[in-house]
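Take a look at the structure below.
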Amino acid sequence: MKKFYSIIFAMAALGLLFSSCQDATQTDTDDTNSNAQTVADAGEIYSLPDLPYEYDALEPHIDERTMRIHHSRHHQGYINNFNNEIAGTPLENMSMEEIFSNMSEHSTSARNNGGGHYNHKLFWSILSPNGGGEPTGELAASIDESFGTFQNFKTELENAGATQFGSGWAWLIVNNAGDLLVTQTPNQDNPLMDVAKVQGTPILGVDVWEHAYYLHYQNRRGAYLEAFWNVVDWDAVSARYMAATQ
Ligand code: MN3
């Protein structure tokens, strides 16, 4: 019996320890942001954009913990590394689009971290708790023209996400001729980069790195890609389409 109580006591102590670790994680997150703020004050070039919704707003399709870590840790990490990489170089005074158009001439770090910042910023902006459904207007007509049906387009994008080996992104892009295409890129590359095999202006992107889905979906990338449609902000994608085809 004494042993039984010892075990219960040990479990309670572990529970307390665990919850204080969670508090520490929370505080750590805040510290990360305030440190980043300090760097920003000292002349940081890029900074983490606020999400236009709460971390838990995309539940149950994208879970709160994934969103928090993805935005406050991963995206912040790309920004910190990119700022460090370009500080004091000519890239400091170039737009991201300019940098991407000559990506092959710049460093791997600028490619990975610049892409990381741009891609995540785009990703957050095309998600919404009020998303889902189907596009309307000119974008809907153009999707039908390019892919036959909206369903065909969805299947093609899901395939692009599923068949990207390892980490990367699946995209809907507008090419120079004004056509809509689905494509994929490895790592943090994107279709604006001169190194991309299919180039164009991305108007929708979905992150298929494991960090984007593993906590909730584990290895089931396909289930994550299916759920993604429920949180796509088609108004935001349409606005990007209109800007890209002007
Ligand atoms: Mn990511």
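Given the condition modelled with pLDDT of 95 or more, within 14 Å of residue 115 (Cα to Cα), of a type in the set (S, T, N, Q) and assigned to a loop (DSSP other than H, G, I, E, B), answer yes or no: does some residue in segment 153-171 qualify? Looking for residues that are modelled with pLDDT of 95 or more, within 14 Å of residue 115 (Cα to Cα), of a type in the set (S, T, N, Q) and assigned to a loop (DSSP other than H, G, I, E, B), one finds at least one in segment 153-171, hence yes. With respect to (1) part of a strand (DSSP E or B); (2) more than 14 Å from the ligand (Cβ to nearest atom), the lone exception for residue 196 is condition (1). Taken across segment 117-139, residues that are of a type in the set (S, T, N, Q), within 16 Å of the ligand (Cβ to nearest atom) and within 22 Å of residue 216 (Cβ to Cβ) do occur, with at least one present. Looking across segment 199-239 at every residue that is touching a Ser or Thr at 6+ places or on another chain (Cβ under 8 Å) and either assigned to a loop (DSSP other than H, G, I, E, B) or basic (Lys, Arg) (or both), the one that is farthest from the ligand (Cβ to nearest atom) is identified as 200.
From the list 129, 135, the lone residue that is surrounded by 19 or more Cβ atoms within 10 Å (Cβ to Cβ) and not in a helix (DSSP H, G or I) is 135.
The values are calculated or read from the model by the stated rules, or taken from the named source; none is laboratory data. Remember, predicted model here, so these are calculated numbers, not experimental data. Don't worry about glycine lacking a Cβ; one is built from the backbone with ideal geometry, like all the others, and counts go over all protein chains shown.
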